[in-house]
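Take a look at the structure set out below.
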Amino acid sequence: MNPKLMISSAEKIGNNQDLLAQILLRLPAKSLIKFKCVSKQWLSLISNPQFCLSHTRHQGDEGFLHPTALLLKVQYIVSPEFDVVPLKHFSQVPFFHYISTSGLDILQSCNGLFVCEALDDDLNVSGYFICNPTTKQFKKLSFLQNPIKDCEFYVSLAFDPLQSPHYKIIVVREVLENSFIFVLDIYASESDSWKVATTIFETKEEACMAFENAVFCNGKLHWNSYGNQSFYLDVEKERLQMMPMPTTLRENHRLEIYRYFDECGGRLHLAVTYHAFIDLDLHVHQMASDYSHWFLKHRLNVGDAMKVFPELNLGCHPFSSGFSGVSFVGSERKEEAKVVIWADGKIICYDFNDGAWKMMHDPGPGLKIGTPIEHYNHLHEQRFIPYKYFESVYVFEDM
């Protein structure tokens, strides 16, 4: 093409704000951040909150956002760093070093935003943040009602930019130590205000609630439980309701060891592993659309993946299966989700659409994701927790 014609076309695009916006909407979030340096005009456009929201919504497919990568953190290890598993394209995810704190732990990922807790040198909680790792923008949360010492205190996030540019912070706070009586405090970014003790409810010790494990799906915030029942919050109506939890297998004295609570495509999933001398089973449950029950959708034996990938060495440790970090992501055929698993340092998945084990991410010959670190003598003793990362240029308007 004639260089003069190219320059002329570029100038026409640059002078046409609407056309430029339509082009930029189709670019990846990371490219947009780099293009802020092109000119003041581009900086102004790309930094505009309405454009950022439109760009995020343009990434949606059939009403849902799809993660760019998974961030894998080792359970009980406090660090701003993590392992990155690409799901779409390779993405250089910035660690959380830009949040100045002695220690930092991820609590939840929700459609592009993260909730993190800051820890001091003695590993005591010193504060809570929400942040967007793509833009490195973060905000420290302040609470009207501070947590009482030695009482339970859990912070979760409800955010769906396809429905609203605003988010809510939900705090589950114990009233008295070991009382199992809790209240909900809710912060709304739209009004930049808190509602304290909107709901009071009681649980039982045997309910084994896991309020630290929250999943936002279809406008509701759900909490995991190792008992037979749990709770979910209709965030818009601020109405707390109960939901059943799966009744798991008890044959041959098998005991549960982990529950991986997740959502994909508007459906709640729960993957359960069992503790036995060597047990490579993974049972996948899915919640019914009317919340009346869970149904056992699949019984997988992760050991079958070794027939496809003989380099995997699962079940070699007497007290650990060698797989963890279970997550659910969309499949290309969209009928069913794929279950993604960290297995002996590789990332594999089971595609329910064609019933096949596949390699999703192999760091290379002789290389493994995760290395033996302090307190762990064997790679398989580590348990990885997955967090979904969505590239997003979303900006906070309530800073």
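The values are calculated or read from the model by the stated rules, or taken from the named source; none is laboratory data. Please read all numbers here as calculations on a predicted model, not as lab measurements. Cβ: placed from backbone, ideal geometry, glycine included. Neighbour counts: every protein chain shown. Side chains included, ligands, DNA and RNA excluded: accessible areas come from the protein's heavy atoms. Shrake-Rupley method; radii C 1.70, N 1.55, O 1.52, S 1.80 Å.
Scanning the stretch 265-279 for residues that are open to solvent by 40 Å² or more (accessible area, probe 1.4 Å) and touching a Pro at 6+ places or on another chain (Cβ under 8 Å), we see that the one that is modelled with the highest pLDDT is 278. For the stretch 14-41, which residues satisfy the criterion of being over 15 Å from residue 134 (Cβ atoms), of a type outside the set (Lys, Arg) and open to solvent by 50 Å² or more (accessible area, probe 1.4 Å)? The answer is 15, 16, 17, 18, 19, 22, 23, 37, 38, 41. Among the residues of the stretch 150-164, those identified as touching a residue at least 60 places away in the same chain (Cβ under 8 Å) and crowded, with 19+ Cβ neighbours inside 10 Å are 154, 156, 158, 161.
For the stretch 105-144, the tally of residues that are charged (D, E, K, R), under 23 Å from residue 48 (Cβ atoms) and outside any loop (DSSP other than H, G, I, E, B) stands at 1. Scanning the stretch 307-327 for residues that are part of a loop (DSSP other than H, G, I, E, B) and either at negative phi or at pLDDT 90 or above (or both) yields a total of 10. Just to be sure before I move on: is residue 230 touching a His at 6+ places or on another chain (Cβ under 8 Å), outside any loop (DSSP other than H, G, I, E, B) and of a type in the set (Ser, Thr, Tyr) in the structure I sent? Against the criterion (touching a His at 6+ places or on another chain (Cβ under 8 Å), outside any loop (DSSP other than H, G, I, E, B) and of a type in the set (Ser, Thr, Tyr)), residue 230 qualifies. Examine the stretch 84-95 for a residue that is closer than 20 Å to residue 211 by Cβ and either basic (Lys, Arg) or open to solvent by less than 20 Å² (accessible area, probe 1.4 Å) (or both), and state whether such a residue exists. Within the stretch 84-95, none of the residues are closer than 20 Å to residue 211 by Cβ and either basic (Lys, Arg) or open to solvent by less than 20 Å² (accessible area, probe 1.4 Å) (or both).
Restricting 387, 291, 394, 350 to those that are in a loop (DSSP other than H, G, I, E, B), hydroxyl-bearing (Ser, Thr, Tyr), surrounded by 19 or more Cβ atoms within 10 Å (Cβ to Cβ) and in contact (Cβ under 8 Å) with a residue 40 or more places away in the chain reduces the list to 394.
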